[in-house]
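Only one structure is covered here, and it is reproduced in the block below.
The values are calculated or read from the model by the stated rules, or taken from the named source; none is laboratory data. Keep in mind that this is a model prediction, so the values were computed, not measured. Here the Cβ positions follow ideal geometry from the backbone for every residue, glycine too, while neighbour counts run over all protein chains shown. Ligands, DNA and RNA are stripped out before the accessible areas are found, and what is left, the full protein with its side chains, is counted by its heavy atoms. Shrake-Rupley method; radii C 1.70, N 1.55, O 1.52, S 1.80 Å.
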Amino acid sequence: LPLKEIPSHVFSEVMRDLDLVVTVAHAAGVIVMAGKPTLEIRAILVHENAQRRGLQHRVQVDAENVYIQALNGTQYTVHLNSGAAYRNDSELVDIQPEVLPSKSKVFLPFAEKDEVALELIRRVFYLAG
């Protein structure tokens, strides 16, 4: 059916159910693909933080990935959706998320509760060093 022919209450209930499925899948540890706006915000956050730290020549961001030239010459790629890091575009780098006490949480305006964005920024700066 064309979208305009779907009754608004049916559409609303289907979207609510879909949101519930995504939320439960995320809570269960299933990687849910972030939407384009979320990836755009993550890309902006990484880009702006890299510029503020003077890393704009070694950290490049596109629509899906962050490309990092480390000080030791190694090239890394970090996926904006999953946060997975790769060395030389093929070897998965196992970086465990840093567990911080609630008092030392980093505040990212407009990122709301996007823990992946915070972890992305940590990984990028870790790998850039």
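For the stretch 38-77, the convex hull drawn through the C-alpha positions has a volume of 51 cubic angstrom per residue. Accessible surface ranking for H9, H47, 1.4 angstrom probe, highest first: H9, H47. Here the spin labels are modelled as points 7 Å beyond Cα on the Cα-Cβ line, and at Q75 and H57 they lie 1.8 nm apart.
Inter-label distance, V14 to E64: 2.8 nm, where each label sits 7 Å from its Cα along the C-beta direction.
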